[in-house]
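> Input: one structure, supplied below.
The values are calculated or read from the model by the stated rules, or taken from the named source; none is laboratory data. Quick caveat: nothing in here was measured; it's all calculated off a predicted structure. Every residue, glycine as well, gets a Cβ built from its backbone with ideal geometry; the counts of neighbours run over all protein chains shown. Heads up: the accessible areas ignore ligands, DNA and RNA and are worked out on the full protein's heavy atoms, side chains in. Shrake-Rupley method; radii C 1.70, N 1.55, O 1.52, S 1.80 Å.
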Amino acid sequence: MNKKPTFQENKFRTNNQDKRQSKPQKPRFSDKPRREKPVEKTSIWGGQQQLTAHKANQTQGEVNVRIKSSAHAVKEKKTGPLSPRAPEKIRQNRAEEVKVYGELACLTLFEHRPQDIVRLWVTQELSKKAGEMMSYLANNKKAYHVVKNDEMQRVTGTEHHGGICLLVKKRPPLSLSGYLTIPRQRDCIVLLDGVGNAANIGGVLKTLAFYGVQNVITDNIDLVQSPASMRVAEGGIEFLRLFETEHPTLAIDQLQQAGYQIVRASLAKQATPLDHATFADKVVLVLSENMWKELDPNATNIALSRSNQLASGLNIAVTAGVLLAKWYF
């Protein structure tokens with residue numbers, strides 16, 4: 001009798017299934033509590049940025065982590081009263097400083113008041129003559145620049161710079177009242193009455209230094225110490241005392257009370273000819289850009305010429321030279 005086929009379980013398959021079932025099953029979801037993401041807080045301390053991460057409360061406690069940022073803090077420009085960029089400082093420097101150019105003007109200034117020099121510009125051609133000045137500035141930690149001619153024109157604003165330019169402190173004006181308190185036997189003062197041309201003023205300053213007269217009075221001290229005036233003066237201003245008055249009339253009254261003779265050049269026909277004029281030991285020469293065509297009742301009126309065919313008088317620098325020569329000799 002034929003036996004019916006029997007089906008036996010595949011031992012190999014059964015063994016593999018047993019092995020898989022014998023391994024511990026991993027949990028699909030973790031039993032640990034879910035951690036919250038750290039909350040980042042930003043704080044600024046000591047000029048550097050710090051990040052502080054706060055973890056959620058755990059059994060081990062709270063953990064604080066500080067990370068210094070690599071980014072540099074933005075530096076703010078100083079604009080306080082002590083900063084060189086401060087508008088107040090700039091206005092003060094502009095009011096107290098002036099540029100001086102021209103070879104003789106700069107070299108003479110260096111001889112008389114080198115401590116007032118702030119900065120120097122000089123061309124290569126003139127650097128040899130300015131060698132001593134450059135050494136002085138270097139030793140005193142002051143700046144100087146050797147520049148080309150076109151740059152010198154930009155610095156000075158003119159073609160007539162002479163190859164050298166100085167930035168210097170202005171000289172403060174003196175008090176006329178204080179000067180007149182000291183008695184003097186012989187003295188000469190020049191008063192500028194309404195003179196507004198810097199080149200003419202420079203010519204007067206040079207003439208004063210030529211005759212050894214040291215005193216000049218003005219109602220516009222900045223114009224007397226302007227770059228154009230000092231360039232024309234060629235160093236003459238460094239030998240002078242500078243007085244400032246609110247108005248020429250006030251200064252004339254003070255001088256008359258102090259015993260000074262007031263002298264004006266005049267185009268009036270009744271003016272005293274120069275060769276007949278007599279000057280006192282103490283005299284004030286009043287210079288105006290336009291000679292008076294009428295007599296000044298408070299002054300000695302001097303006619304500089306008997307054959308003048310012009311409708312106007314002389315330049316004030318020339319007038320100053322004629323009157324100073326008369327007083328000098």
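> Scan LEU310, LEU255, LEU314, LEU323 and give me the residue that is outside any helix (DSSP H, G or I), among the hydrophobic types (A, V, I, L, M, F, W, C) and either within 30 Å of GLU103 (Cα to Cα) or open to solvent by less than 20 Å² (accessible area, probe 1.4 Å) (or both). Step through it out loud before you land on a result.
Details: LEU310 fails: either within 30 Å of GLU103 (Cα to Cα) or open to solvent by less than 20 Å² (accessible area, probe 1.4 Å) (or both); LEU255 fails: outside any helix (DSSP H, G or I); LEU323 fails: outside any helix (DSSP H, G or I).
On inspection, the qualifying residue turns out to be LEU314.
> Is the range 184-191 home to any residue that is in a loop (DSSP other than H, G, I, E, B) and open to solvent by less than 70 Å² (accessible area, probe 1.4 Å)?
Step one: of the range 184-191, the residues in a loop (DSSP other than H, G, I, E, B) are 184-186.
This time we only want the ones that are open to solvent by less than 70 Å² (accessible area, probe 1.4 Å), so: 184.
Yes, the range 184-191 contains a residue that is in a loop (DSSP other than H, G, I, E, B) and open to solvent by less than 70 Å² (accessible area, probe 1.4 Å).
> Assigned to a loop (DSSP other than H, G, I, E, B) and touching a residue at least 60 places away in the same chain (Cβ under 8 Å), is that true of GLU289? Give the steps one after another, and end with the answer.
Details: assigned to a loop (DSSP other than H, G, I, E, B): yes; touching a residue at least 60 places away in the same chain (Cβ under 8 Å): yes.
Criteria met by GLU289.
> Does the range 153-168 contain any residue that is open to solvent by 70 Å² or more (accessible area, probe 1.4 Å), over 18 Å from the mean Cα position of the chain (by Cα) and at pLDDT below 95?
Checked against the condition, which is being open to solvent by 70 Å² or more (accessible area, probe 1.4 Å), over 18 Å from the mean Cα position of the chain (by Cα) and at pLDDT below 95, the range 153-168 yields at least one hit.
> Hey, TYR144 hits all of (1) open to solvent by less than 80 Å² (accessible area, probe 1.4 Å); (2) among the aromatic types (Phe, Trp, Tyr); (3) more than 23 Å from ALA199 (Cβ to Cβ) but one; which does it fall short on?
(1)
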